[in-house]
1. Tell me the mean residue ellipticity at 222 nm calculated for the chain from its helices only (DSSP H runs of n ≥ 4, each -39500 (n - 2.57), averaged over every residue, nearest 500).
2. Calculate the length of the line joining the C-alpha centroid of segment 208-224 to that of segment 255-295, in whole Å.
3. In percent, how large is the relative contact order of segment 68-203, given Cα pairs closer than 8 Å and 6 or more residues apart?
4. How fast does segment 213-366 diffuse by Stokes-Einstein, in µm²/s, taking the Kirkwood radius from C-alpha pairs at 4 °C and 1.567 mPa s?
5. Round to the nearest 0.05 the FRET efficiency obtained for ARG63 and THR251 when R0 = 25 Å and r is the Cβ-Cβ distance.
6. Taking only Cα atoms, what is the 0 to 90° angle, nearest 10, from helix 188-200's long axis to the longest principal axis of the chain?
7. Rounded to a whole number, what % of the accessible area of the chain do carbon and sulfur atoms account for, probe 1.4 Å?
8. What is the extension gain from SER227 to ARG114, computed as 0.36 nm multiplied by their sequence separation minus the C-alpha to C-alpha distance, in nm to one decimal?
Amino acid sequence: MQVEIKAGHPRGTVAAPPSKSYAHRLLIGAALAAGESALQGIAMSQDVEATLRCLAALGAGYRLEGDALYVLGCGGKPAAKEPLLCGESGSTLRFLLPVALLGGGEIRFCGTERLMARGVGVYQEIFAPQGVDFCQKSDTLQVRGALKSGVYRPRGDVSSQFISGLLFALPLLAEDSRVEMQPPVESRAYIGLTLDVLRRCGISILPQGENAFAVAGGQHYQGGCFSVEGDWSNAAFFYALNALGGEVQVTGLNPHSLQGDRLCVEMLAALEKPGAELDLSNCPDLGPVLFAVAAAKHGAGFYGTKRLAIKESDRVQAMMEELAKFGVDGVIGENSVEISGGKFSPPCQPLQGHNDHRIVMALSVLAAFTGGIIQGAEAVNKSFGGFFQALSQLGLEVCYGD
């Protein structure tokens, strides 16, 4: 899908969509409980739909009634009845692989080539001593074996999703376990979200020092009524409009949220002055939108960027390719990127979405003020299908094409 955004002045009020990060986690907690749980405020993005499909394949049931989603849990006994179709959702694959191993046997995960290329190497390393076999092809991952209690030492610098996956599954084993994260540990806030959801579902995880958790076995998930708070990750794009001169009020956000991307307001404010240097190691999803605003303002230096290469696209490379169309250049390092300022102009050719929802939305922020055509704009459906409607609600003219 191609979208053309006419240059304008965004103003008005927009509601933040529900948090995809919380939605994934609450759905898993409800699916592992016994009985039925109700979740209010679920937004049916492609990633959330992938998690629902996979939970159903593991034995949970669900039904949607209005804005409420009812989940019938499997009582802590997931069993893969059919292949788990993950689409392009890294969260789905990484959260549910240890959960699926609770049932033992052979489990097949299916997904896009990009998802499989992003890999599950952390799990291969820590499950190898247990005799769990991995067979990965371009669009499938075959896993054979059973999860066992023990001491796990996952790397903390790849993705916190591997740690969250362990924390979801280990409490359901009979014996106690321990998770020792190998520093440096990045995206700690996302681990905090997992711990919050586990607590709400009756699961006790005890922190031991800065990088370890004691996980008691023999626990049981408790269902209930849950609500999903607003998503700071996607709200960041609306706050970015304000950073470039818009007048947008965002509603539906928890100002005391555990979501790490709540830092977007503080980071966008830092870009108001030349010479800003920002650390993205704990909020990598903010990278594209911060790059965009830095390009249109004074430029900036960013570090903690290496994990952006294993997202839906190589986000550093993708953004630098697109920012060049606005006349902006920069320098990419191993774990850093320097974006130049002062040369920003309307794009000289159509922009490309790189099959990445956050790239499309970041480019849309710039196009809101310069005008521009974005090809591959359908990528927003991965997390925020109503994004362009929200821009229209703010008074921007959005034209759709094939």
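1. -9500 deg cm²/dmol
2. Value for the Cα centre distance between the two parts: 31 Å.
3. It comes to 22 percent, rounded to a whole number.
4. In µm²/s, the coefficient is 79.
5. Given R0 = 25 Å and the Cβ-Cβ separation, E is 0.30.
6. 50 degrees
7. Roughly 49 percent, rounded to a whole number.
8. Working it through step by step, the gained length comes to 37.5 nm.
The values are calculated or read from the model by the stated rules, or taken from the named source; none is laboratory data. Being a predicted model, the structure only gives us computed values, none of them experimental. So basically every Cβ, Gly included, is an ideal-geometry build from the backbone, and we count neighbours across all protein chains shown. Note: accessible area is taken over every heavy atom of the protein model, side chains too, but ligands, DNA and RNA are not part of it. Shrake-Rupley method; radii C 1.70, N 1.55, O 1.52, S 1.80 Å.
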